[in-house]
Amino acid sequence: MRPLWVLSVVSEAYPLVKTGGLADVAGALPAALAPEGVKVVTLMPGYPAVMAALGNAVAHPPEPLFGGEARILAGSARGLDLLVLDAPHLFARAGNPYLGPDRRDWPDNARRFAGLALAAARIGLGALGGWRPHVVHAHDWQAALAPSYLRHAAGSGARPASVVTVHNLAFQGWFPASVAAEIGLPPEALEEAEGGHHGGLSFLKAGLQVADRITTVSPTYAREITTEADGMGLDPVLRARAGVLSGIVNGIDTREWDPARDGRIAVRYGPESIAARGGNKAALQARFGLEADPRAPLFGAVTRLTGQKGSDLMLEALPSLLEAGGQLAVLGSGEAALEAGLRAAQAAHPGRIACTIGYDETLAHQIQAGADMLLVPSRFEPCGLTQLCALRYGAVPLVARVGGLADTVTDATPEAIAAGRATGVVFAPVTAAALAEAIRRAAGLYRDPGVWAGIQAAGMRADVSWREPARAYARLYRAMAGG
Ligand code: ADP
C-alpha cells in the first residue's frame, strides 16, 4: 500500500484545543489512520495554546494574509503532526477560539477562518516545497472554504482532492455579504455561498457546493440533512450533492475510556465483572448527595444543556422518572433557564435529583461508570459521543431515535433481547411524553436483572473504537485519490 497523505484542516483538536466533539475526532483520527497506511498532517490555527505546545518547529517563509504576515510552522505536539498557521493578527488571543471575552463571536472571524482555509489551499497546491497532500480534509465551516480556494487557485491545473465533513449542520459560518471583499474569492465562488434565510453568505454552503466529497458523522444524519425538516436551510444543496454524501460514525478513544483501567473511578471492571459497577454507583450517589439505594434505577446525563440535547424534555419527564422510583445525576452546562430548571428540581427533590453545573472530565467518567442508564434525548444528534462512552461503561443508553444515536444503539425490543443484540432503549418521536414512556420502559427492564445484565454486556462488547471508522475514512480517501 503506498502511503496516502491527508491534510486535515480544523479549528480545534484534542488535547490542544477543545470546545466540543469536533476536537475529539480531529485529535483521534490521525493515530487511528496510521495502521491503514494513511498519514495525516493537521493544519490548525496558531492559538496561544497551540504555539506553546509546539516543539522543534520549522518555520516556512512568511506571506501576507488578510492584513498581516503569516507563516506556517511545521512540528508536532501531543502526538499530532502539525502545520500551524502562525498569524498573530488573527490568532494570538487568549481564551475561546471563536468568542471574545464578551462571549460574542470575534468580529473578524470571517478573515480568521477564511485565512485558515486559504492557507490549506496554498499548502495543498505545493506552497511548502516538495510536499503535497493527496487529499485536503476540511472539518466544519471554519475550514470549509478550503475546497473553494483550491478550485479557484488551481484553475484547470492539478489540485488535491477535497472532502468537507459536517460535524454539526447547525453551525454554518454565515457572514454579511460585505466580507466577500475581504477574503479574496471571486464573485462566482461566493455566489455559491449566498442566500438562505440568513442572507449574507455561508462558508459551509460554499464548501459543500464544490468539495469532491461530503461526509458527516453518521449514516442516519447523512440522510436526515437532505430533508427539509433537518437540513437547516442547506438541504437543497445537500440533495443536489447526495451522490457524493456519506456518513461515517465516530469512535471514542478506548484507552482513555476503559473501565478496566480508568484511574478516575472508584472500582474498575470489565464485561465479565459488571456487578462491580455497584461500587461506582454507591460512590456516585454519595458524590451527588443521592439516597444510598443500590436498587433505585440511577439515570445519568453528561451534556451541554441546550434545546438540541433535549435538556428541556428531560426536565419535563422528571415526574415519570420519580414515579418509576428513579434517581437522576446530571453533569452539564449551557442555557441559563435549563441550568436554573435543574437546580430547582434538585431543591424540590433532594436525594432523588442532583446536578453539577459545569464541565468536569473526571465526573463524566464517574457518571458513566456509576449510572445505570445514560439519558440522551437529543432533538438532533450528528453522531453523539456520550452514548458510545456509556456503551463501553455498561451505562445503558436511553436515546432518541435520531442521527448517530439511531445508528449506534439497538433498542431493547423483545426480539433484540432474545437475540442478545439489545444495547439500549431507543424512543421516538422526540417528545417529553415519549421520553417519559422510555424511562418507564427502561426502569421495567432494569428490574429484571437477567435481562438487564444481558443488555449491559452486549453494549460493553460493542466495538466503539476508531478502528472501523478509520478504515471507512481510509477507503474514502483512496477512492478520492484514485486508488
Ligand atoms: P457535542 O454536540 O456537545 O459535541 P458529543 O456527544 O458529540 O456532543 O460530544 C460531547 C463530548 O463532551 C463528550 O466527550 C462528553 O463526554 C463531553 N462533555 C459534554 N458535556 C460535558 C461536561 N459538562 N463535563 C465533561 N464532559 C462533557
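Points to keep in mind about this one:
- Any hit, segment 412-420, residues being within 16 Å of the ligand (Cβ to nearest atom) and either under 16 Å from Thr303 (Cβ atoms) or buried (at least 24 other Cβ atoms within 10 Å of the Cβ) (or both): no
- Qualifying positions in segment 447-483 - surrounded by 22 or more Cβ atoms within 10 Å (Cβ to Cβ) and β-branched (Val, Ile, Thr): Ile455, Val464
- Qualifying position, being near the ligand (Cβ under 9 Å from one of its atoms), crowded, with 22+ Cβ neighbours inside 10 Å, modelled with pLDDT of 95 or more and not in a loop (DSSP other than H, G, I, E, B), among Cys389, Cys383: Cys389
- Residues that are assigned to a loop (DSSP other than H, G, I, E, B) and of a type in the set (Ser, Thr, Tyr) within segment 256-280 comprise just one, Tyr269.
- Of the strands (runs of 3 or more DSSP E) lying entirely inside segment 1-74, those containing at least 3 residues that are buried (at least 23 other Cβ atoms within 10 Å of the Cβ) are 4-9, 38-45.
- The residues of segment 336-377 that are over 11 Å from Ala301 (Cβ atoms), assigned to a loop (DSSP other than H, G, I, E, B) and within 13 Å of the ligand (Cβ to nearest atom), listed by number, are Gly358, Tyr359, Asp360.
- Subset of segment 297-311 (residues that are in a strand (DSSP E or B) and more than 12 Å from the ligand (Cβ to nearest atom)): Leu298, Phe299
- The listed residue being in contact with a Pro (Cβ under 6 Å, 6 or more places away or on another chain), under 30 Å from Ala276 (Cα atoms) and at pLDDT 95 or above, out of Ala418, Ala457, Ala453, Ala438: Ala457
- Verdict on Tyr221 being surrounded by fewer than 22 Cβ atoms within 10 Å (Cβ to Cβ) and of a type in the set (Ser, Thr, Tyr): no
- Condition broken by Gly420, with the remaining ones in (1) closer than 18 Å to Gly404 by Cβ; (2) in contact (Cβ under 8 Å) with a residue 24 or more places away in the chain; (3) not hydrophobic (A, V, I, L, M, F, W, C) satisfied: (1)
The values are calculated or read from the model by the stated rules, or taken from the named source; none is laboratory data. Note that the structure is a prediction, hence the values are computed from the model and not measured. Positions of Cβ are backbone-derived with ideal geometry, glycine not excepted, and every protein chain shown enters the neighbour counts.
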